[in-house]
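Below you'll find the structure, written out as structure tokens, and then a few comments.
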Amino acid sequence: MTHHIDLFTSRRNIIAHMVRNSSGSGIVILGTSPEVSRNRDSDFPYRHDSDFYYLTGFEEPQAYLVLQVNPNKVISHLFCRPKNVEREIWDGIRLGPEAAPRSLGFDFGYSIDEINHIMPELMKDFMHVYHRTSSSSQLDDEMRGWVGQLANKSRQGIQTPNEFHNIEKIIHEQRLFKDEVEISTMRKSAKIAAQGHLMAMQTCKPGLQEFHLEASLLYQFRKLGAQSVAYNSIVATGENACILHYRAGNSFLKDGDLCLIDAGCELDSYASDITRTFPVNGKFSKPQQQAYEIVLAAQESALSQCFSGKHFQEPHDAALRVLTQGLFELKILNPNQHGSVEDAIGSEAYKAYYMHRTSHWLGMDVHDVGYYREPNDPLLGWRILRPGMVLTIEPGLYFRPSPEVPEIFWNMGIRIEDDVVIGASNYEILSRDVPVKVSEIEYWMANGSIQI
């Protein structure tokens, strides 16, 4: 999305407008993520800070965004690494501060090496500073140094900032509502992720290991243009599916077991997040189908609450009622002990089998930013769903060996997850290119074909 200069400029202008509404004027200072060492002279693959990229479209490390917000104008600045032929030979081409204004729509660009000299001058006479108030000790030290330089010049009539605000609160409220460019990118990300899931289902057969399916996912993600996974892929067979954050390992796929895959890709900084559960041998057993269809019904019930004007908790409540009723039908919960569905929900008797929530925000981060409660509601009610919000719907059931659980369900973990955009009068499921009904899954595993 780096070519959408007008989009990033517009986002910066919205931030400036919110700063004006809050304090009249101020200076916004935002840095990107640092590089992280993996071991010795090897770094983890670099991934920029989401907030920083959202406002700049800039993907290199060692960079700062500065916005000088005045009542009638906003002046934008970018600090970044200078051009360096030797380092570019080793690490890749740098944009450089000379090209930043033209390429990214900034008013001014500077070398990051000059930041301690230039930043105090940019901060001069601004009373309000908007930055990450709980970020890192390094940023705190830098901020104290810049403010200290200004304080030393107070006899010259220079005013020193005395109000510090958390810029994340402003940016995250803006990021919660996706624009058309973002939704289009997320739609593409979901389609790529779906192809990975389809290939993993096609690849699956007894005797393979979990990492074989993970390799199928990664192959399709990169082949179709995704830059990365959105998170560490979960490929969990048999009892491993009852471990919520299990990593794809070396366990063998066994005839008669289920396999749960929770995997998504990142395309142009936007995540997809899809979960499917399917039989290793391509055919659900009767107990597996019973439990699976309860989870699917729970997801359908949750989706029925994904409309503008509903609140964030309503999809979860809808899924929870279906799952809890299902636990009674499977004779895992006993009416004599747990009473009615409402009683079992009130006592949280379901929590041994469904211990996570049904939804989270989705966007640049797989667990994306944004308040789950109304930010301006004094009673802190659940967030009202509005057009442009994107969330996951992911109910599940997990049955570890237990005296309360019939043995036919032991070591069975089932989760179904899709990505949903809230519209004005409807919703859009981004991730339904992967089959979800029992008959669809069985047909695909028997007859499906995806080009390798």
Check your understanding: What pairs can you find where one residue is in the stretch 52-80 and in the same structural domain as P97 (by TED's automatic domain parsing) and closer than 15 Å to I15 by Cβ, the other is in a strand (DSSP E or B) and among the polar types (S, T, N, Q), and their Cβ atoms are less than 7 Å apart, with a gap of 6+ or different chains?
Key -> L67/S76; V74/Q68; I75/Q68
Revision key, fill the gap. Note on R38: of the conditions (1) exposed (fewer than 15 other Cβ atoms within 10 Å of the Cβ); (2) at pLDDT 95 or above, unmet is (2)
Check your understanding: If you scan the stretch 79-111, which residues turn out to be closer than 29 Å to S154 by Cβ and buried (at least 19 other Cβ atoms within 10 Å of the Cβ)?
Key -> F79, Y110
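Can you list the helices (runs of 4 or more DSSP H) found entirely within the stretch 54-140 that contain at least 1 residues being β-branched (V, I, T) and closer than 26 Å to A271 by Cβ?
Numbers: elements: 85-91, 100-104, 115-123.
In the stretch 54-140, there are no helices (runs of 4 or more DSSP H) which contain 1 or more residues that are β-branched (V, I, T) and closer than 26 Å to A271 by Cβ.
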**Study point:** Any pair with Cβ under 7 angstrom, 6 or more apart, that starts in the stretch 308-337 at a residue that is touching a residue at least 12 places away in the same chain (Cβ under 8 Å) and in a loop (DSSP other than H, G, I, E, B) and ends at one that is surrounded by fewer than 18 Cβ atoms within 10 Å (Cβ to Cβ) and of a type outside the set (V, I, T)
**Key:** F312/Y372; F312/W382; L330/Q290; K331/P406; I332/E404
Check your understanding: Within the stretch 221-232, is even one residue in contact (Cβ under 8 Å) with a residue 40 or more places away in the chain, assigned by TED's automatic domain parsing to the domain that holds E266, part of a helix (DSSP H, G or I) and out of contact with any Pro (no Cβ under 9 Å at 6 or more places or on another chain)?
Key -> yes
Revision key, fill the gap. For the stretch 115-160, the count of residues that are more than 22 Å from S33 (Cα to Cα) and either surrounded by fewer than 16 Cβ atoms within 10 Å (Cβ to Cβ) or in contact with a Lys or Arg (Cβ under 9 Å, 6 or more places away or on another chain) (or both) equals 16
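Please go through the stretch 186-217 and pick out each residue that is among the hydrophobic types (A, V, I, L, M, F, W, C), surrounded by 19 or more Cβ atoms within 10 Å (Cβ to Cβ) and assigned to a helix (DSSP H, G or I).
Looking only at the stretch 186-217, we keep the residues that are among the hydrophobic types (A, V, I, L, M, F, W, C), and these are 186, 190, 192-194, 198-201, 204, 208, 211, 213, 215, 217.
Right, trim to surrounded by 19 or more Cβ atoms within 10 Å (Cβ to Cβ) and you get 186, 190, 192-194, 198-201, 204, 213, 217.
If the condition is that a residue be among the hydrophobic types (A, V, I, L, M, F, W, C), surrounded by 19 or more Cβ atoms within 10 Å (Cβ to Cβ) and assigned to a helix (DSSP H, G or I), then M186, A190, I192, A193, A194, L198, M199, A200, M201, L213, L217 are the ones that fit.
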Revision key, fill the gap. Among Y427, Y443, the single one that is under 28 Å from H367 (Cβ atoms) and either charged (D, E, K, R) or assigned by TED's automatic domain parsing to the domain that holds P315 (or both) is Y427
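Might you check whether a residue that is out of contact with any strand residue (DSSP E or B) (no Cβ under 9 Å at 6 or more places or on another chain) and either under 14 Å from H197 (Cα atoms) or of a type in the set (S, T, Y) (or both) occurs anywhere in the stretch 409-421?
Here is the first cut: in the stretch 409-421, the residues out of contact with any strand residue (DSSP E or B) (no Cβ under 9 Å at 6 or more places or on another chain) are none.
Scanning the stretch 409-421 turns up no residue that is out of contact with any strand residue (DSSP E or B) (no Cβ under 9 Å at 6 or more places or on another chain) and either under 14 Å from H197 (Cα atoms) or of a type in the set (S, T, Y) (or both).
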Point to revise | Output for the stretch 392-442, where each listed residue is surrounded by fewer than 14 Cβ atoms within 10 Å (Cβ to Cβ), in contact (Cβ under 8 Å) with a residue 24 or more places away in the chain and over 20 Å from A318 (Cβ atoms) | key: S402, P406, A424
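The values are calculated or read from the model by the stated rules, or taken from the named source; none is laboratory data. Nothing here was measured: the structure is a model prediction, and the numbers come from that model. All Cβ positions, glycine included, derive from the backbone under ideal geometry; neighbour counts span all protein chains shown.
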